[in-house]
Amino acid sequence: MKTQIAIIGGGPSGLLLSQLLDLNGIDNILLEKHSREYVLGRIRAGVLEHGFAALMREAQCGERMDKEGEIHDGFEIAHDGIRDRVDLEGLTGGNTVVVYGQTELTRDLYEAREKAGGAVIHNVEDVQLFEITSDNPYVTYRDGDEIIRIDCDYIIGADGFHGVSRKSIPKDKIKEFERVYPFGWLGVLSRTKPVSPELIYAKSDRGFALCSMRSQVLSRYYIQVSLDDKVEDWSDDAFWAELKNRLPADVASQLITGPSIEKSIAPLRSFVAEPMRYGNMFLAGDAAHIVPPTGARGLNSAASDIYYLYHALLDHYKKGDDTGLEQYSQKALARVWKGQRFSWWMTNLLHKFPANSDFDNHLQQTDLEYLFSSESAMKSLAENYVGLPF
Ligand code: APR
Ligand code: PHB
């Protein structure tokens, strides 16, 4: 097979780029390791920056998001038994976020690709990349006993942290930066009314908690847990009791509990691979960077990668201008690192660090007090949360 762009990975990054390119007449084939059902079974992020929402609309995939997603113009930080509100709209001169599950967004993208007759190939096995630094790169994958070859102009590695793309770059050509946090997040999805109309990030002596949602009938809650914890260690009752212990009394008393329809523990890490280009392969999304979920940056960092790649490829094919491709890695990393900083900062602000000294803990408390005492500090938090410009 031959195509202009071979995209590896059918998560939000790969699908969004595939749709945007296709709408602009740029031929692409997307290879996904798993079935659509498997991909859609993952429970992931839920907060979209206005820039991501705009990109979904540009991809003609924003209709359900605009209909069913919720515009949030603020969120709360609970600490020391009280709740302080972060007025995103007021602090950023009108910017907000959209609360809409990544699962739904990915479903919308799959449906759009199907409607467009897009080449999305599922259950591909053993994807391999060849001639990456030549002008004739190609990828192969196994379909049963058959090896299929796809010749292309460019390869997009949108295959996530555990994908094959980043690992196809020689070790001496890539530098990886990483911080692993000494705790994880235990997340629960329940068909219950959210405890509050806005998200509540809670800092408590017992550890971090987050009250989020997917809709007014589907709640998403998290508590910080030790890396030694296993999901089977946590019954639903134990989860709800611990969550209540970490929330202000007035919130805990309003909490509607119910059976978990999904329950899982995710580790927290910060990770960046540089550069995000090797020869004629470009990395995008989780394939190149991972953030702790505290700042809701994961999916949104992928959005700017896709935005830059989309415009760079358009310029290449429509204008013969390769400036965007040449500048992609540098430009994408500049924004990726700002997302890393914000996610790292918010994680340090709100979590209990077992190894912290009394001095560290005093600094952490002071950081929080400074935040709510300073309009400038609040504006900085808000402009990062709604999304820095692409
Ligand atoms: N071959 C083909 N597909 C692969 C391979 C491979 N070797 N390895 C992984 N994949 C697929 C995975 O099955 C997954 O569907 O690539 C896709 C990568 O999707 P994501 O991991 O969701 O990454 P991305 O699309 O960049 O989206 C980032 O997802 O993990 C969350 O928090 C993250 O919200 C962020 C978003
Ligand atoms: C979620 O709803 O899953 C969510 C929301 C905000 C975050 C992290 C996760 O910061």
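The values are calculated or read from the model by the stated rules, or taken from the named source; none is laboratory data. Just so you know, these numbers come straight off a predicted model, no measurement behind them. Positions of Cβ are backbone-derived with ideal geometry, glycine not excepted, and every protein chain shown enters the neighbour counts. Quick note on the areas: whole protein, heavy atoms, side chains included, nothing else; ligands and nucleic acids left out. Shrake-Rupley method; radii C 1.70, N 1.55, O 1.52, S 1.80 Å.
In Å³ and rounded to a whole number, note down the convex hull volume per residue for the Cα atoms of the chain. Let's see the in-between values first.
Working: hull volume 57.0 nm³, N = 390.
Cα-based convex hull of the chain, divided per residue, equals 146 Å³.
Would you list the P(r) distribution for segment 1-76, with all Cα-Cα distances sorted into 10 Å bins from 0 and each bin expressed as a whole %?
16, 42, 33, 9, 1, 0
Whenever you get a sec, compute what percent of the accessible area on segment 83-147 sits on carbon and sulfur atoms (1.4 Å probe).
Working: 1180 of 3200 Å².
Of all accessible area on segment 83-147, carbon and sulfur atoms account for 37 percent.
Rounded to the nearest 10 Å², what accessible area does GLU114 show when all protein chains are kept and the probe is 1.4 Å?
Around 120 Å² of this residue is reachable by solvent.
Taking the Cα atoms of segment 245-390, what is the range of coordinates along each of the three principal axes, in descending order and whole Å?
61, 40, 29
Any chance you could tell me what percent of the C-alpha pair distances in segment 57-213 go past 24 Å? Could the numbers behind the result be given before it?
Numbers: 7434 of 12246 pairs.
Of all Cα-Cα pairs in segment 57-213, 61 percent lie more than 24 Å apart.
Specify the inter-centroid distance of segment 332-390 and segment 40-107, based on alpha-carbon positions, in whole Å.
Distance between centres, Cα-based: 19 Å.
How large is ³J(HN,Hα), in whole Hz, for each residue of segment 39-52 in order, when computed from phi with the Karplus curve 6.51 cos²θ - 1.76 cosθ + 1.60 and θ = phi - 60°, using x for Gly and Pro?
4, 6, x, 7, 9, 10, 6, x, 10, 10, 5, 4, x, 5
Highest mean first, what order results for 77-88, 301-312 on Cβ atoms within 10 Å?
Ranked from most to least packed, the peptides come out as 301-312, 77-88.
Net charge within 12 Å of ALA119 by Cβ-Cβ distance, Lys/Arg positive one each and Asp/Glu negative one each, not counting ALA119 itself?
That works out to -2.
Where does helix 323-350 land angle-wise versus the long Cα axis of the chain, in degrees 0 to 90, nearest 10?
20
Can you give the Rg to Rh ratio of segment 289-374, both from alpha-carbon atoms, with Rh computed by the Kirkwood formula?
Details: Rg = 18.4 Å, Rh = 15.2 Å.
My calculation of the ratio gives 1.21.
Which angle between 0 and 90 degrees, to the nearest 10, do you get for helix 236-246 versus the longest principal axis of the chain when only C-alpha atoms count?
It is inclined by approximately 70 degrees.
With every protein chain left in place, what is the accessible area of LYS319 in Å² (1.4 Å probe, nearest 10)?
Surface accessible to solvent at LYS319 totals approximately 150 Å².
I'd like the carbon and sulfur percentage of the solvent accessible area for segment 202-268, probe radius 1.4 Å, heavy atoms only, ligands and nucleic acids excluded.
Values: 1610 of 3110 Å².
Heavy-atom surface of segment 202-268 belonging to carbon and sulfur, 1.4 Å probe: 52 percent.
For the chain, modelled as a GNM with alpha-carbon contacts under 10 angstrom, which of TYR138, TYR181, TYR317 fluctuates the most?
Highest fluctuation among the options: TYR317.
Hey, what D do you get for segment 224-285 in µm²/s if you plug the Kirkwood alpha-carbon radius into Stokes-Einstein at 10 °C and 1.306 mPa s? Before the final figure, lay out the partial values.
Values: Rh = 15.3 Å.
The Stokes-Einstein estimate is 104 µm²/s.
How long are the semi-axes of the equivalent ellipsoid of segment 324-380, defined as square roots of 5 times the Cα gyration tensor eigenvalues? Whole Å, largest first. The partial results should precede the final answer.
Details: eigenvalues 187, 50, 8 Å².
In descending order, the three semi-axes are 31, 16, 6 Å.
Along the charge dipole of segment 235-390, Cβ charges K/R +1 and D/E -1, which of ASN300, MET276, PRO389 sits furthest on the positive end?
Checked the options; the winner is MET276.
Viscosity 1.002 mPa s, temperature 20 °C: what is the translational diffusion coefficient of segment 3-128 from Stokes-Einstein with a Kirkwood Rh over Cα pairs, rounded to a whole number of µm²/s? Write out the running numbers ahead of the final one.
Numbers: Rh = 16.0 Å.
The diffusion coefficient I find is 134 µm²/s.
For ARG269, ARG297, give me the order by solvent-accessible area with a 1.4 Å probe, most accessible first, ignoring ligands, DNA and RNA. Walk me through the intermediate numbers first.
Details: ARG269 65, ARG297 10 Å².
Descending order: ARG269, ARG297.
Leaving ligands, DNA and RNA out of it, work out the accessible area of PHE130 with a 1.4 Å probe and give it in Å² to the nearest 10.
Solvent-accessible area, nearest 10 Å²: 70 Å².
So what's the angle, to the nearest 10 degrees on a 0 to 90 scale, between helix 298-314 and the longest Cα principal axis of the chain?
Between helix and principal axis, roughly 30 degrees.
Please list LEU189, LEU227 in order of solvent-accessible area, largest first, computed with a 1.4 Å probe with all protein chains present.
Values: LEU189 10, LEU227 95 Å².
So the residues, ranked largest to smallest area, are LEU227, LEU189.
Could you tell me what % of all Cα pairs in segment 195-242 have separations over 17 Å?
Details: 450 of 1128 pairs.
Roughly 40 percent, rounded to a whole number.
As a test of the formula, what do you get for the chain when each DSSP H run with n ≥ 4 contributes -39,500 (n - 2.57) and the sum is divided by the residue count, at 222 nm and rounded to the nearest 500 deg cm²/dmol?
Helix-only estimate at 222 nm: -11000 deg cm²/dmol.
On a C-alpha basis, how far is the centre of segment 160-176 from the centre of segment 208-261 in Å? Whole number, if you could?
Their Cα centres are 36 Å away from one another.
How much accessible area per residue does the chain have, in Å², with a 1.4 Å probe?
Working: 16900 Å² over 390 residues.
Computed with neighbouring chains in place, this is 43 Å² per residue.
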